[in-house]
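Worksheet: the structure to be examined is printed underneath.
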Amino acid sequence: MSDSLSPAPDPVPAPVQSGLFKAIQSSAGKSSAPAAPSYSDLLRDLRSGKVKDLELSLRQREVRVRFEDGRQTQVPVFSNDQLLLRSAEKAKVPLTVRDDRQDGAMAGLVANGLLVLLLLGGLALLIRRSAQVANRAMGFGSSKPRLQAEGSVAVRFEDVAGIAEAKEELTEVVTFLRSPEQFTAVGAKIPKGVLLVGPPGTGKTLLARAIAGEAGVPFFSMAASEFVEMFVGVGASRVRDLFRKAKAKAPCIIFIDEIDAVGRQRGAGIGGGNDEREQTLNQLLTEMDGFEENSGVILLAATNRPDVLDSALMRPGRFDRRITVDLPDRRGREEILSVHARTRPLAESVCLAEWASRTPGFSGADLANLLNEAAILTARRHQSKIDDSCLSGALERITMGLAASPLQDSAKKRLIAYHEIGHSLLTSLVPHADKLDKVTLLPRAGGVGGFARTMPDEDILDSGLISKAYLLARLVVALGGRAAEMVVFGPGEVTQGASGDLEMVSRICREMVTRYGFSNLGPVAFEADGGEVFLGRDWLRSEPHYSRQTGNRIDQQVRDLANGALDRAVAMLLPRRELMDQLVTLLIEQETLEGDAFRALVATYEATGKTNVQAAQVGL
Ligand code: ADP
Ligand code: MG
Ligand code: ZN
C-alpha cells in the first residue's frame, strides 16, 4: 500500500486498554521511530549545528531540543549542567531557560494547604465523634424503647394460631387496660406483670406483637439485652427511663423480650458476677413495686428459661400472671400451617391436616420454616404450586439436613441397609414402640448414610406422660441397628455407625434410673430435672447427692438396661433373618420404604411366614 507514510490510524483496534498495556504498546511503537537522542548525541548535534534552539527547564532537569529540520525532542540532563551550557554558547544555539519554579512553588503551597485542611477536618471529625460518644454515655436516660403507636403494628391475633389458651389469657389482659372499671368495681386487682413462658419458636414474641397491634393502647417494647449494652450503669437508668415514659402514656403495655438476659438469679458471683445486670434487675424490681395498683401500666415479658429467673421477679405482685405458651398439638399445628399457607400457593392435593400429623414436636417457627423451605424448593423446581413432594423434601431437609449424593459402594450400602432395617423392623415388632415413618438409604450431608425415622406417638407427646414400657421399647428400637449388624455380620464386625444410637440409649437409661425410678433402685430421684447446669446457681451444687456405692449401682443399672434391650433386639431379629434379607434387597432397590408399606410387608410375613416381595412391589 502506498499510504504508509500518512499518519495511519493504529492498526490494532483496541478501544479498551489497560493503562499498562497502553504504555507498553506506545513504547514499543516508539522503538521503531528514530530513538530520542542520547546526551552525547545532543552534544554532537549541537557541535554540528543541527540544533535550532534549546529550552531548559529549571525544575524538570531536561532540555527541550528543536532541530533545524523541525523535529523536537527532550533529553534528560543534569541539573546545573555546565557542559551543555558551554556547548550551546559555543555553537551559538539560542538557549532559553523556562522558570517553572513559580508554578511548582504554587503547587506545593496548594498541596500543603490541602494537607493542613485535611488534618484539621480529620481532627474536627474525631472531636465530634468522641463528643457524640460522650453524649450517648451521659444522656443515657434517653434510651429508645420502641414505642409502637396504636395501629402501627401489622400483626393481628388472627396471625397467631394454635395457642388458643395463651391467646385468650392475653386478650383478658388487654380488657384490663381497656376497661379497668369493670374489674376495680368488684375489688379485683389488675395484674402488674404477665410473663409469657414457653419453648423457643412457639410464638411468644409474635403474640406480644399481636397484642401491640390489637390492644389499642400504646406499646413499648424492648429486648432485655438492650438494657445492658456498652456502658456500665446504663441499664438501671434505661429501666427508669422506660417506666417514666410508659407512665406518662398510661394505660399502656411495656414488653420486655427475653427477660432472662437481665432477670437471672442474682448473687451467683461466678465469672465476676455481673453487677451491671444485677443493678438493672434491681431497678426493674423497684420500678415494678413503684407503680401503684391499677395505674394502667402492664409489664409483659417473655422468656424460654423461666428456671433461671430470679425468684424475686416471680413473687406475687410482680409477674403475678404466668402464661404458658406450649408447643402446639396436632390441631394447633394445622392451624399454624394454614396461617402461613395463606400467603403461599398450595396445590389442591395438599392436606394440611396430614402434614400436621407428620410434624409432631414442631414449634410454630419450625412449621413456618417448613412452608418456607417448601416454597423455596417449589421455586427451584420451577413449579407454580407447593405440592406434597416439595413439602416432604423440605421436611427431610429440616429434620435430616441437606441431601447428599446416593451411595455407590455396595458393601457399605448393604451394611447401612441392614442397620436401618434392624431399627425399622423392631418398630413393628415391639409393642409400644413409635411407628415407622420411613426408612431410606438416601444419605444426608454430615455422614448420615441412611435413616429410619419414627414418628412419636401423638398421645404421648401431648400428655407428656412417658411410661416405662414406652422407654424400654425405645431402647430396643434404638439398639436395633447394632443388633442387626451383630446378627448378620457377626459380633466382631459391628461398626461405629451405631454411636449416635448408643448415646441416646445411655441418656434414656440414665434418666430412667436417676430421675424416673424405673429401676430396682427404687422410687428415688438421684438427679434433679436435667437441662444444662445453670451457671451461677447449680454449678456449685453439681456434686451428686448420692454416695459412691449408689453411684456404682446406678452405673450398673444403666448397663443392665442397655444390655437387656440389646439382648431383646437380637432375640427378635435372629429368627427373622430371611425377612431382613428380603427387606434389605427391597430397600437397596427402592432406596426408600414408607412406613405403611413396610408394615404391610412385615404383617404378611408374620402371618404366613413369608413375604411376597414381588407382589408387594406392585402395591408400592
Ligand atoms: P418465640 O416464642 O421464640 O418468641 P416467635 O414469636 O419469635 O417465637 O416466633 C417466630 C416465628 O414463628 C413467628 O414470626 C411466626 O412466623 C412463627 N410462629 C411461631 N408461633 C406461631 C403461631 N402460634 N402461629 C403462627 N406463627 C407462629
Ligand atoms: Mg421471642
Ligand atoms: Zn442407627
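Suppose the filter is surrounded by 13 or more Cβ atoms within 10 Å (Cβ to Cβ), closer than 26 Å to residue 245 by Cα, within 15 Å of ligand 2 (Cβ to nearest atom) and touching a residue at least 12 places away in the same chain (Cβ under 8 Å); does residue 177 pass it?
Numbers: surrounded by 13 or more Cβ atoms within 10 Å (Cβ to Cβ): yes; closer than 26 Å to residue 245 by Cα: yes; within 15 Å of ligand 2 (Cβ to nearest atom): no; touching a residue at least 12 places away in the same chain (Cβ under 8 Å): yes.
Spelling it out, it is not the case that residue 177 is surrounded by 13 or more Cβ atoms within 10 Å (Cβ to Cβ), closer than 26 Å to residue 245 by Cα, within 15 Å of ligand 2 (Cβ to nearest atom) and touching a residue at least 12 places away in the same chain (Cβ under 8 Å).
Contact annotation: residue pairs with Cβ atoms under 8 Å, 6 or more positions apart or on different chains, pairing a residue in segment 294-306 that is open to solvent by 10 Å² or more (accessible area, probe 1.4 Å) with a partner that is within 12 Å of ligand 1 (Cβ to nearest atom) and assigned to a strand (DSSP E or B), are 304/197; 306/197.
Could we say that residue 353 is within 22 Å of residue 454 (Cβ to Cβ), in contact (Cβ under 8 Å) with a residue 12 or more places away in the chain, more than 16 Å from ligand 1 (Cβ to nearest atom) and part of a helix (DSSP H, G or I) here? Before the answer, list the steps.
Values: within 22 Å of residue 454 (Cβ to Cβ): yes; in contact (Cβ under 8 Å) with a residue 12 or more places away in the chain: yes; more than 16 Å from ligand 1 (Cβ to nearest atom): yes; part of a helix (DSSP H, G or I): yes.
Against the criterion (within 22 Å of residue 454 (Cβ to Cβ), in contact (Cβ under 8 Å) with a residue 12 or more places away in the chain, more than 16 Å from ligand 1 (Cβ to nearest atom) and part of a helix (DSSP H, G or I)), residue 353 qualifies.
Can you find, within segment 356-377, the residue that is least open to solvent (accessible area, probe 1.4 Å) among those that are more than 9 Å from ligand 1 (Cβ to nearest atom) and not in a helix (DSSP H, G or I)? Residue satisfying both the conditions and the ranking: 359. Of the set (1) crowded, with 22+ Cβ neighbours inside 10 Å; (2) assigned to a strand (DSSP E or B), all apply to residue 243 but (2).
For residue 353, the test of being in the same structural domain as residue 460 (by TED's automatic domain parsing) and over 27 Å from the mean Cα position of the chain (by Cα) is failed.
Per the listing 337, 285, 313, 281, the residue uniquely under 29 Å from residue 463 (Cβ atoms), open to solvent by less than 60 Å² (accessible area, probe 1.4 Å), in contact with a Leu (Cβ under 9 Å, 6 or more places away or on another chain) and assigned to a helix (DSSP H, G or I) is 337. For segment 408-421, does any single residue satisfy the condition of being among the polar types (S, T, N, Q) and open to solvent by less than 60 Å² (accessible area, probe 1.4 Å)? Checked against the condition, which is being among the polar types (S, T, N, Q) and open to solvent by less than 60 Å² (accessible area, probe 1.4 Å), segment 408-421 yields no hits at all.
Screening segment 123-229 for helices (runs of 4 or more DSSP H) wholly inside it with 3 or more residues that are modelled with pLDDT of 85 or more returns the ranges 164-178, 204-214. The set of residues in segment 443-499 being within 16 Å of ligand 3 (Cβ to nearest atom), among the β-branched types (Val, Ile, Thr) and modelled with pLDDT of 80 or more consists of 454, 476, 477, 487, 488, 494, 495.
With of a type outside the set (Lys, Arg), modelled with pLDDT under 90 and over 26 Å from residue 208 (Cα atoms) as the only criterion, which of 389, 410, 384 stands out?
Values: 389 fails: modelled with pLDDT under 90; 384 fails: modelled with pLDDT under 90.
That would be 410, the only listed residue that is of a type outside the set (Lys, Arg), modelled with pLDDT under 90 and over 26 Å from residue 208 (Cα atoms).
Of all residues in segment 378-399, those satisfying the criterion of being surrounded by fewer than 18 Cβ atoms within 10 Å (Cβ to Cβ) and under 24 Å from residue 456 (Cβ atoms) are 388, 389, 392, 398, 399.
So for segment 210-219 (the condition being open to solvent by less than 10 Å² (accessible area, probe 1.4 Å), away from ligand 1 (no atom under 11 Å from the Cβ) and over 17 Å from residue 175 (Cα atoms)), does at least one residue qualify? Scanning segment 210-219 turns up no residue that is open to solvent by less than 10 Å² (accessible area, probe 1.4 Å), away from ligand 1 (no atom under 11 Å from the Cβ) and over 17 Å from residue 175 (Cα atoms).
The values are calculated or read from the model by the stated rules, or taken from the named source; none is laboratory data. All figures in this text were calculated on a predicted structure; none of them were measured in a lab. Cβ sites come from the backbone with ideal geometry, for glycine too, and all protein chains shown count toward neighbours. Heavy atoms of the whole protein, side chains included, go into the accessibility calculation; ligands, DNA and RNA do not. Shrake-Rupley method; radii C 1.70, N 1.55, O 1.52, S 1.80 Å.
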